[in-house]
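Visitor: Handing you this structure, nothing more for now.
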Amino acid sequence: MDERACGVVVLAGGRGSRLGGVVKPGLAVGGRTMLDRVLDATAGRSPRVVVGPDAIPLPEGVLRTVESPPGGGPVAGVGAGLATLTRTAPGVELVALLAGDLPLISAAAIADLLAATNVTSDVDGACFVDADGRRQMLCGVWRVPALAGALAGLAAERGDLAGASMRALFARLRVLERTWTGSGAPPWFDCDTEEDLRQAETWVSRKS
């Protein structure tokens, strides 16, 4: 399978309550917004869908949608993003599902997840796990039919996806857990606090 034949859904909503209520992906790290850094890492993949408000500018060719209802949470965002992805590219088989506040994500990290998913048909996708064994569910690559089926099953069980937990969604999937063995900082590192932003700045400055 062509390793570039993978769409992208980026969750860029959320209120950033620990950062003063700002839209986190719009914050800069190393002079570039975190969302720009995520989009840089996915350049060349298509289609790319950002789930987030109009206040966040997007490059030409990147699609935008919002979760239903607005503020309905990350699983509702996954549902909205995947619906836009499959409507735009009905034959897409794989999707990189990423948070919008991953300033250290890289094309190499996504390629690692994609290769792991393609190795066997016995899994529905792959995501990184941190040093404590926690799944980084918004830093993964998933088979589109499996993810769509998990979303449909969860919606049928609950009535809708608003307020559903990511853990409940991914409990319906066969997950291959990947440990990052590349050089540098972990690609799943997200920024929830000012301290996280400072740490990310330090790592980015070391790379430049």
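The values are calculated or read from the model by the stated rules, or taken from the named source; none is laboratory data. These numbers come from a predicted model, not from an experiment. Cβ placement follows ideal geometry from the backbone for every residue including glycine, while neighbour counts extend to all protein chains displayed. SASA here: full protein model, heavy atoms, side chains in, ligands and nucleic acids out. Shrake-Rupley method; radii C 1.70, N 1.55, O 1.52, S 1.80 Å.
Visitor: Right, ARG172: surrounded by fewer than 18 Cβ atoms within 10 Å (Cβ to Cβ) and within 15 Å of the chain's Cα centre (by Cα) or not?
Guide: In short, no.
Visitor: If you don't mind, there's one more thing I want to ask. Taking the options GLY81, GLY71, GLY44, GLY52, name whichever one is of a type outside the set (A, V, I, L, M) and modelled with pLDDT of 95 or more. Let's see the steps before the verdict.
Guide: Values: GLY71 fails: modelled with pLDDT of 95 or more; GLY44 fails: modelled with pLDDT of 95 or more; GLY52 fails: modelled with pLDDT of 95 or more.
Among GLY81, GLY71, GLY44, GLY52, only GLY81 is of a type outside the set (A, V, I, L, M) and modelled with pLDDT of 95 or more.
Visitor: Could I ask something else about it? Report yes if some residue within segment 46-59 is free of Cβ contacts under 8 Å to residues at least 40 places away in the same chain, in contact with a Gly (Cβ under 8 Å, 6 or more places away or on another chain) and either open to solvent by 20 Å² or more (accessible area, probe 1.4 Å) or charged (D, E, K, R) (or both); otherwise report no.
Guide: Yes: one or more hits.
Visitor: Can I ask one more? Within segment 20-41, restricting attention to residues that are within 17 Å of PRO74 (Cβ to Cβ) and of a type outside the set (D, E, K, R), which residue is modelled with the lowest pLDDT?
Guide: Within segment 20-41, the match that is modelled with the lowest pLDDT is VAL23.
Visitor: Related question: Among the residues of segment 60-82, which ones are among the hydrophobic types (A, V, I, L, M, F, W, C) and open to solvent by 40 Å² or more (accessible area, probe 1.4 Å)?
Guide: Within segment 60-82, LEU63, VAL66 qualify.
Rundown of residues vs (1) touching a Cys at 6+ places or on another chain (Cβ under 8 Å); (2) crowded, with 22+ Cβ neighbours inside 10 Å, yes/no style:
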| residue | (1), (2) |
| --- | --- |
| ILE105 | yes, yes |
| ASN118 | no, no |
| GLY125 | no, yes |
| ASP130 | no, no |
| ARG134 | no, no |
| ALA155 | no, no |
| ALA168 | no, no |
| GLU177 | yes, no |
